[in-house]
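Input: a single structure, listed below in structure tokens.
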Amino acid sequence: GTSVLIALPVIKNNDNQTAQKSCCIVFIEDREMVRNAMVIALNRAGHTVHDFSNALEALDFAREHNKSIDIIISDLNMPDMTGTEFLEQLQHDASSVPIILISGDENKLHSIRQEYTGQKILFVSKPVHNETLLQAIRAAV
């Protein structure tokens, strides 16, 4: 006879972890491979993700859909507009959407963190692990 082995991953239920609210996320990352991986992880966590490779397109989208966006996640270092320039534009528009800024440059994150103390901005260092980003999202919304 034929035998078939099906291996399924074990899904652990962390009772101490609060249920993740499904969010509408704008995700901006110029590197396609990083962006695609994070979009998959965010979708798997139940979020709706609108991803952009540049901040200018994301800014247009954010202005048009501001009321439906729960959180914006942006890389700091992008070719057309930096994450801080993007942040300044959002603040100029009086947007109250929480923001997570991501960077591999610890010094830059530290200086921006000091500049924006007390605002609805979280900072995550690269490389970003999925659970770290999901924790930041839970903290922001």
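The values are calculated or read from the model by the stated rules, or taken from the named source; none is laboratory data. Owing to the predicted nature of the structure, the values given are computational and were not obtained by experimental measurement. Positions of Cβ are backbone-derived with ideal geometry, glycine not excepted, and every protein chain shown enters the neighbour counts. With ligands, DNA and RNA removed, areas are computed over all heavy atoms of the protein, side chains included. Shrake-Rupley method; radii C 1.70, N 1.55, O 1.52, S 1.80 Å.
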Any idea which of (1) open to solvent by 20 Å² or more (accessible area, probe 1.4 Å); (2) outside any helix (DSSP H, G or I); (3) touching a Leu at 6+ places or on another chain (Cβ under 7 Å) is the one GLN89 doesn't satisfy? (2)
How many of the residues in region 57-79 are in a loop (DSSP other than H, G, I, E, B), open to solvent by less than 50 Å² (accessible area, probe 1.4 Å) and either farther than 20 Å from SER22 by Cβ or in contact with a Pro (Cβ under 6 Å, 6 or more places away or on another chain) (or both)? 2
Flag for ALA94 being modelled with pLDDT of 85 or more and farther than 15 Å from GLU29 by Cα: no
Within the set of pairs 6+ apart or on separate chains, which have a first residue in region 36-47 that is in a helix (DSSP H, G or I), a second that is surrounded by fewer than 17 Cβ atoms within 10 Å (Cβ to Cβ), and C-beta atoms under 7 Å apart? ALA41/ASN130
Has region 126-135 got at least one residue that is β-branched (Val, Ile, Thr), under 23 Å from ALA45 (Cβ atoms), open to solvent by 40 Å² or more (accessible area, probe 1.4 Å) and not in a loop (DSSP other than H, G, I, E, B)? yes
